[in-house]
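A.B. asks: Below you will find the structure I want to go over with you.
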Amino acid sequence: MSKTIFITGASRGFGKIWVEAFLKRGDKVAATSRNIDGFKDIAAQYGDNFLPLQLDITNRAQAFEVVNQAKQHFGGLDVVINNAGYGLFGAVEEVSEQEAHDVINANILGTLWVTQAALPIFREQKSGHIIQLSSVLGQWALPTLGIYSATKFAVEGLSEALAQEVKHLGINVTLVEPNGYATDFGGASAVQSQPIADYQPVKAALAGAEGLQPDDYGDPEATVDAILKLIDAQKPPLRFFLGKVGLPKTRRIYSERIAEWEEWNEVAVAAHRKADTVSNLN
């Protein structure tokens, strides 16, 4: 059964690949970008099944306007994919105030505004699926990607809470957590902060890190079948890795976290109540 899909950040990378796959199998798609000129070839091929929409996701009023325009055009929405966002590379100290504001506005608030715009439509329908593009870096962080990772940790928390809030309304939420892929994430679409020499050894060592080796980067085209299965699922998962790196590394990191929590648990429990308070309760 065909779906009606709204997707942001669709002019390149995962977004464009997925839009073409959706349309090819007969879905209806509203696709957004800051510049919709790149959609001309798709629009000519798919006619009324494709609706290109200009959107700055950091503009809340515009997000509501554009999501509702898509709903009016197609008569409803089945899936909203928050794919728009970008990478910020730099040690925590290196990131400027403006760089921090901009990436937070795009990656967190942009996701929030589009989500808020979709929810009234999905509540009225008593159905819908919100897919948030997170990252493996929403589960664990790498040096020099701390601010970007912070935005994805925020999207994870927002979406986990949202899933509990809307489950009874027939609305599903999924966090898609890709590992590295051969997209433009680290290229022209990324922002590089002004470097500080003391962090150069950390950056040099990062090149040899797990998850950043040539074989660790996935082929973006290979994600198509997985995304189609996800949007067709009757009971989609809350979290879903893309690629081979996410699960094994996350499993190891969480086992290390649990071990450290357990090591400090006696201290933690002692901080719960003073000993004299416990005696009084008895």
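A.B. asks: Just checking, does segment 198-206 include any residue being assigned by TED's automatic domain parsing to the domain that holds ILE104 and under 18 Å from the mean Cα position of the chain (by Cα)?
C.D. replies: no
A.B. asks: Against the definition (exposed (fewer than 13 other Cβ atoms within 10 Å of the Cβ) and farther than 22 Å from GLY146 by Cα), how does ALA271 come out, yes or no?
C.D. replies: Numbers: exposed (fewer than 13 other Cβ atoms within 10 Å of the Cβ): yes; farther than 22 Å from GLY146 by Cα: yes.
Judged against the criteria, ALA271 is a match.
A.B. asks: Anything in segment 104-140 that is among the small types (Gly, Ala, Ser) and either surrounded by fewer than 18 Cβ atoms within 10 Å (Cβ to Cβ) or closer than 18 Å to ILE7 by Cβ (or both)? List them, or say none. Quick ask: steps written out before the conclusion?
C.D. replies: Within segment 104-140, the first condition is being among the small types (Gly, Ala, Ser), and the residues that meet it are 106, 110, 117-118, 127-128, 134-135, 138.
If the condition is that a residue be among the small types (Gly, Ala, Ser) and either surrounded by fewer than 18 Cβ atoms within 10 Å (Cβ to Cβ) or closer than 18 Å to ILE7 by Cβ (or both), then ALA106, GLY110, ALA117, ALA118, SER127, GLY128, SER134, SER135 are the ones that fit.
A.B. asks: Follow-up question, since we're still on this one. Determine, yes or no, whether GLU177 is acidic (Asp, Glu) and within 15 Å of the chain's Cα centre (by Cα).
C.D. replies: So GLU177 fits the description; yes.
A.B. asks: Taking segment 1-13, which residues are surrounded by 24 or more Cβ atoms within 10 Å (Cβ to Cβ) and more than 19 Å from ALA233 (Cβ to Cβ)?
C.D. replies: THR8, GLY9, ALA10
A.B. asks: Sticking with this one: Being outside any helix (DSSP H, G or I) and either at pLDDT 95 or above or closer than 11 Å to VAL176 by Cβ (or both) is the filter here; which residues of segment 218-233 pass it? Can you show your working first?
C.D. replies: Filtering segment 218-233 down to residues outside any helix (DSSP H, G or I) leaves 218-219, 233.
Listed by number, the list holds a single entry, ALA233.
A.B. asks: In this structure, does ALA44 turn out to be touching a Pro at 6+ places or on another chain (Cβ under 8 Å) and free of Cβ contacts under 8 Å to residues at least 40 places away in the same chain?
C.D. replies: no
A.B. asks: Please determine, by comparing only the residues of segment 14-59 that are surrounded by fewer than 22 Cβ atoms within 10 Å (Cβ to Cβ) and of a type in the set (Val, Ile, Thr), which one is farthest from ALA222 (Cα to Cα).
C.D. replies: Residue satisfying both the conditions and the ranking: THR58.
A.B. asks: Still on this structure, I have one more. Being in contact with a His (Cβ under 9 Å, 6 or more places away or on another chain) and either closer than 27 Å to LEU112 by Cβ or among the aliphatic types (A, V, I, L, M) (or both) is true for just one of ILE196, ILE227, ILE231. Which residue is that?
C.D. replies: On inspection, the qualifying residue turns out to be ILE231.
A.B. asks: A further question on this structure: Given (1) without any contact (Cβ under 8 Å) to a residue 12 or more places away in the chain; (2) outside any loop (DSSP other than H, G, I, E, B); (3) not acidic (Asp, Glu), identify the lone condition not met by HIS272.
C.D. replies: Evaluating HIS272 over (1) without any contact (Cβ under 8 Å) to a residue 12 or more places away in the chain; (2) outside any loop (DSSP other than H, G, I, E, B); (3) not acidic (Asp, Glu) leaves (2) as the failure.
A.B. asks: A follow-up question, please. Can you find even one residue in segment 48-65 that is in the same structural domain as SER11 (by TED's automatic domain parsing) and at pLDDT below 95?
C.D. replies: Yes: segment 48-65 contains one or more residues that are in the same structural domain as SER11 (by TED's automatic domain parsing) and at pLDDT below 95.
A.B. asks: Looking at (1) hydrophobic (A, V, I, L, M, F, W, C); (2) in a helix (DSSP H, G or I); (3) more than 17 Å from the chain's Cα centre (by Cα), can you tell me which one ALA163 breaks?
C.D. replies: Answer for ALA163: the failing condition is (3).
A.B. asks: While we're on this one: Select from segment 238-262 the residues that are assigned to a strand (DSSP E or B) and at pLDDT below 95 and list them in ascending order.
C.D. replies: none
A.B. asks: Let me ask something else about it. Within segment 1-119, considering only strands (runs of 3 or more DSSP E) that don't extend past its boundaries, which have at least 1 residues that are of a type in the set (S, T, N, Q) and within 19 Å of the chain's Cα centre (by Cα)?
C.D. replies: Answer list for segment 1-119: 28-33, 79-82.
A.B. asks: If ARG239 satisfies all but one of (1) in the same structural domain as PHE153 (by TED's automatic domain parsing); (2) surrounded by fewer than 18 Cβ atoms within 10 Å (Cβ to Cβ), what's the number of the condition it fails?
C.D. replies: Just one mismatch for ARG239, condition (2).
A.B. asks: For SER189, which of the numbered conditions (1) touching a residue at least 60 places away in the same chain (Cβ under 8 Å); (2) of a type in the set (Ser, Thr, Tyr); (3) over 20 Å from VAL103 (Cα atoms) fails to hold?
C.D. replies: Against the list (1) touching a residue at least 60 places away in the same chain (Cβ under 8 Å); (2) of a type in the set (Ser, Thr, Tyr); (3) over 20 Å from VAL103 (Cα atoms), SER189 comes up short only on (3).
A.B. asks: Confirm whether GLU156 is under 19 Å from the mean Cα position of the chain (by Cα), at pLDDT 95 or above, outside any loop (DSSP other than H, G, I, E, B) and surrounded by fewer than 18 Cβ atoms within 10 Å (Cβ to Cβ).
C.D. replies: no
The values are calculated or read from the model by the stated rules, or taken from the named source; none is laboratory data. This is a predicted model, so every value here is computed, not measured. Cβ: placed from backbone, ideal geometry, glycine included. Neighbour counts: every protein chain shown.
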